[in-house]
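Only one structure is covered here, and it is reproduced in the block below.
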Amino acid sequence: MSVADPKARQNARILCATCEIGAASAAGSGHFCPFVDRSRQAGELIYLEGEPANHVWFVKQGIIVLLRKGGENNAEGRVRAVRFPGSFIGLEAVVTDRYIDSARATTDAVLCGTTREGVDTWLGKKGAPARTALELTLRAESVDLPRRAPPDGNAVERVAAWLCEEGPRGETLTLPRRIVADLLGMRPETLSRAMAILAERGAIEVSRTNLRIVSENKLAELASGGSLPSS
């Protein structure tokens, strides 16, 4: 898309006006938004843990996984979190000089990015209550290690709870099962069995590659241990 194309510029303005970040920046009224769209391909590394935290990104389209080593020897670390559209990645740049995670696109994605200086200006004056709360939250998150599932936990409950907390709403989840299994600390085959039970109970619809939440109420019930098969 060429920035010299008037129609392209108009479409970009419309998208920015309906985006949460664009709306917060009053882009629809002609105000400047420091976040700029950039397309990313599935599998592309956005940034690497330990690199200088020079940019902050807002996920507009696609799915991004965050990985952290946490003292382990594997190259990128284990999956710590999944970020869907409407989420920030790299926001630790507000409070630290280096990225605490690695970020990789698992689908084709569109990310809106700005520099560390750009987001600092966008957030406004230091010491304001909202900014102080954000900074304290980010500092706490920067020392959190990847979650570890209890070895004797119920896999169905853990999968249901994760979907309740972080699963997509109104869209199909196209995330490799190995990533979700790593995130929840279970084997891929254990995850598959748990998802099959959730599907049998009418909480989700699942195929080999896709997952869709059918009933949030049923999912919440299963997350709390209700309607589970007897052991």
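The values are calculated or read from the model by the stated rules, or taken from the named source; none is laboratory data. Since the structure is predicted, the reported quantities are computational estimates derived from the model, not experimental observations. Cβ atoms come from the backbone with ideal geometry, glycine included; neighbour counts cover every protein chain shown.
Within segment 178-230, if we keep just the residues that are closer than 21 Å to Ala81 by Cβ and of a type in the set (Lys, Arg), the residue that is modelled with the highest pLDDT turns out to be Arg187. When Val79 is tested against the conditions (1) surrounded by 21 or more Cβ atoms within 10 Å (Cβ to Cβ); (2) at pLDDT 90 or above; (3) closer than 30 Å to Arg178 by Cα, the lone failure is (2). The C-beta contact set for segment 182-196 (first residue without any contact (Cβ under 8 Å) to a residue 24 or more places away in the chain, second residue charged (D, E, K, R), distance under 6 angstrom, 6+ apart or interchain) comprises Pro188/Arg177; Pro188/Arg178.
Please verify whether Thr114 is under 14 Å from the mean Cα position of the chain (by Cα) and not assigned by TED's automatic domain parsing to the domain that holds Leu183, treating the condition exactly as stated. Judged against the criteria, Thr114 is not a match.
You will find that of Arg104, Arg139, Arg116, Arg131, the residue that is touching a helix residue (DSSP H, G or I) at 6+ places or on another chain (Cβ under 6 Å), touching a residue at least 40 places away in the same chain (Cβ under 8 Å) and basic (Lys, Arg) is Arg116 and no other. Look at segment 207-222: where a residue is in contact (Cβ under 8 Å) with a residue 60 or more places away in the chain and a partner is assigned to a loop (DSSP other than H, G, I, E, B), sitting 6+ places away or on another chain with Cβ atoms under 7 Å, you get Leu222/Arg201; Leu222/Ala203; Leu222/Leu228. All of Ile46, Ile89, Ile64 fail the test of being modelled with pLDDT of 90 or more, surrounded by 17 or more Cβ atoms within 10 Å (Cβ to Cβ) and farther than 22 Å from Ala140 by Cα, apart from Ile46. Scanning segment 92-105 for residues that are surrounded by fewer than 19 Cβ atoms within 10 Å (Cβ to Cβ) and in contact with a Ser or Thr (Cβ under 9 Å, 6 or more places away or on another chain) yields Val95, Thr96.
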